[in-house]
1. Can you tell me which of (1) under 17 Å from P513 (Cβ atoms); (2) without any contact (Cβ under 8 Å) to a residue 60 or more places away in the chain; (3) not charged (D, E, K, R) is the one S67 doesn't meet?
2. Check off (1) outside any helix (DSSP H, G or I); (2) more than 9 Å from the ligand (Cβ to nearest atom); (3) over 21 Å from P103 (Cβ atoms) for G23 and give me the number that stays unchecked.
3. Please verify whether L83 is farther than 30 Å from I275 by Cβ, more than 9 Å from the ligand (Cβ to nearest atom) and of a type outside the set (K, R), treating the condition exactly as stated.
4. Given the options Y219, Y196, Y237, name the one that is in contact with a Gly (Cβ under 8 Å, 6 or more places away or on another chain), modelled with pLDDT of 95 or more and either surrounded by 21 or more Cβ atoms within 10 Å (Cβ to Cβ) or not assigned by TED's automatic domain parsing to the domain that holds V295 (or both).
5. Quick check, is K348 more than 16 Å from the ligand (Cβ to nearest atom) and of a type in the set (D, E, K, R)?
6. Counting only residues that are under 21 Å from E346 (Cβ atoms), give me the helices (runs of 4 or more DSSP H) lying completely in segment 435-538 with at least 3 of them.
7. Just need a number here: residues in segment 505-516 that are touching a residue at least 40 places away in the same chain (Cβ under 8 Å) and in contact with a helix residue (DSSP H, G or I) (Cβ under 9 Å, 6 or more places away or on another chain).
8. Within 12 Å of the ligand (Cβ to nearest atom), closer than 25 Å to I234 by Cα, out of contact with any Lys or Arg (no Cβ under 7 Å at 6 or more places or on another chain) and assigned to a helix (DSSP H, G or I): does that describe M313?
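The values are calculated or read from the model by the stated rules, or taken from the named source; none is laboratory data. Everything numeric here is computed off the predicted structure, so don't read it as measured data. Neighbour counts run over all protein chains shown; Cβ positions are idealised from the backbone, glycine included.
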Amino acid sequence: MIKTPVLVVGGGPVGLCVAGDLGWRGIDCMEIERGDGVVGQPKMDMPHIRTLEFCRRWGLVEQVERSGYNRKHPQDNIWITSLIGGYELGRESFPCPDDEPYPPQSPQRRERAPQNFFDPVIAKWTKSFPNVDLRYFTELVDFTERDDRVAATIRDVKTGKTEEVECQYLVGCDGAGSIVREKLGITMTGNAVLTYTTNVIFRSRELEKKQTIKSGYRYIFIGPEGTWATIVAIDGYDNFRFSLVGDAGRKQLTDEDLLAEIRRAIGGPCDVELISTMPWTRRELVADKYGSRRVFLVGDSAHQLSPTGAFGMNTGLQEAVDITWKLEGMIRGWGGPKLLDSYETERKPVAARNVKTAAENLARMLETRKRKPPPAIFEPGPAGDAARKAYGDWYTAQMWHEWYTIGIHTGYRYDSSPIVVGDGTEPPPWSPSEYVQTSHAGCRAPHAWLKDGRSTLDLFGKGFVLLRLGANPPDAAPLLEAAKSRGLPMNAIAIDEPAVTAVYEKKLVLVRPDGHVAWRGDALPADPLALVDRIRGA
Ligand SMILES: Cc1cc2nc3c(=O)[nH]c(=O)nc-3n(C[C@H](O)[C@H](O)[C@H](O)COP(=O)(O)OP(=O)(O)OC[C@H]3O[C@@H](n4cnc5c(N)ncnc54)[C@H](O)[C@@H]3O)c2cc1C
């Protein structure tokens, strides 16, 4: 019998971050992954700003930046008829990763780091914690949840040997086909099939030299039938990912079929070596529940969405960071009985919004199938040029929503959570494409540069932090005393720097371990203990 406080099932990017963040917090856990941890088919390739802020907290930004993508490779998104000799209909230009600007709201920028580069960085970090027992080739077979623990059966997939694990909490990061979700009997709501898509990783040493379209990151192919395929520069060198977008009808495709489709997209002679193929189903689903009392769903086990927007893993990592400090609170004894319930209350609405937005982005991309391209766009000459310009401009406007999503990635908030305490004012309106920093309760605590060169975000992560702001901030002792009496870790930091006080708006701002504001005010509440009890879910 193995005993561990937390059993994490699944070693994809989300499971690795759950186990790694628990390890970073000093909480023992065991993580099991059925496979060998090698990513043959990178799906995710853009960890976004908030994910990089987490990586900053964990000291991993440099490793992600250096993980392998060609940082000089252009990142434009381009709509074309073919790569060699085809027409360009429009493009949205973005700088190469090295030149990507930092948004004023963050010390970090989004990165291009596909999973075959990103996951090993997280895995190495997770394995570096002696309190994390990460086992590959090990799968969850079954579990039973009891009042005071979870009893799980795991199996070594090579030998077939089974072992029993007793844990206080089980976290299912086991992806779309989650056995954890199935065993909990949790259903999902939404659309189970948007498209049947096939991804192919291929190598071509000649493509970038031979293509007549100016280089970019993502090429979207428009044929007489509308949008039919995409190719992305998956490492910025000679590896590419082709996606045959597909539709709601399942097709059996051979390597020869796929090669023919890739050749159609390329449009001229060029070397192509198929490396791996992956048929997958594009879905629009959110789990109806995010877990039970002791078992939780995190990542793709809880939601599945179209990759149009790069929301999937990024949403999963936000969930990881939401649940780990709550598990820590329960295991260390300062978490109240309602603390873990707030995981679903906070995260499910965010997932539902992201899943819906991703499906809307897909619908806009596929609008071309209803509104078929005029035949003139495939014809040479001035009339063709004019048709291409008109159609390309329309398509560029259609796709805009997918590229500008800082509000989705950083502006998510928990203002209706039972464990945050609002001050009766409304936060600024939320928008998918814009992000206004605010210290309203439930929102991500703002970034501002400190005089010593750190970001305010560098102050958060372990325990609660009470920022005392301005020249004469109120005494925080009663709140710190109240926290201490409940065993809740809290420290106070005084900052009298105009850049910080302006963006933090109030004299006192209490920030949770995940970097979201729990409470704010210009004076301590009359009953500090009641506040502490509320934020710890008592
Ligand atoms: C083409 C494409 C592009 C994408 N691009 C992006 C992007 O740019 N940005 C983004 O944020 N997201 C993107 N996504 C989505 C992203 O890849 C997923 O959201 C992410 O991989 C989910 O991570 P996960 O760890 O939850 O699940 P998974 O990656 O599916 O990992 C689950 C793991 O659990 C293991 N497992 C399953 N069952 C068991 C068991 N019983 N016992 C032990 N282990 C088990 C599996 O072997 C697997 O390793 C993209 C997806 C696709 C398809």
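1. Looking at each condition in turn, S67 falls short on (1).
2. G23 satisfies every listed condition except (1).
3. Answer is no for this residue.
4. On the way: Y219 fails: in contact with a Gly (Cβ under 8 Å, 6 or more places away or on another chain); Y237 fails: in contact with a Gly (Cβ under 8 Å, 6 or more places away or on another chain).
Unique residue meeting the criteria: Y196.
5. On the way: more than 16 Å from the ligand (Cβ to nearest atom): no; of a type in the set (D, E, K, R): yes.
So K348 does not fit the description; no.
6. Working: elements: 477-485, 498-504, 528-535.
It comes to 528-535.
7. Just the residues of segment 505-516 that are touching a residue at least 40 places away in the same chain (Cβ under 8 Å), to begin with: 505-506, 508-516.
Right, trim to in contact with a helix residue (DSSP H, G or I) (Cβ under 9 Å, 6 or more places away or on another chain) and you get 508, 510-516.
Qualifying residue count, segment 505-516: 8.
8. On the way: within 12 Å of the ligand (Cβ to nearest atom): yes; closer than 25 Å to I234 by Cα: yes; out of contact with any Lys or Arg (no Cβ under 7 Å at 6 or more places or on another chain): yes; assigned to a helix (DSSP H, G or I): yes.
Here the answer is yes, as M313 does meet what is asked.
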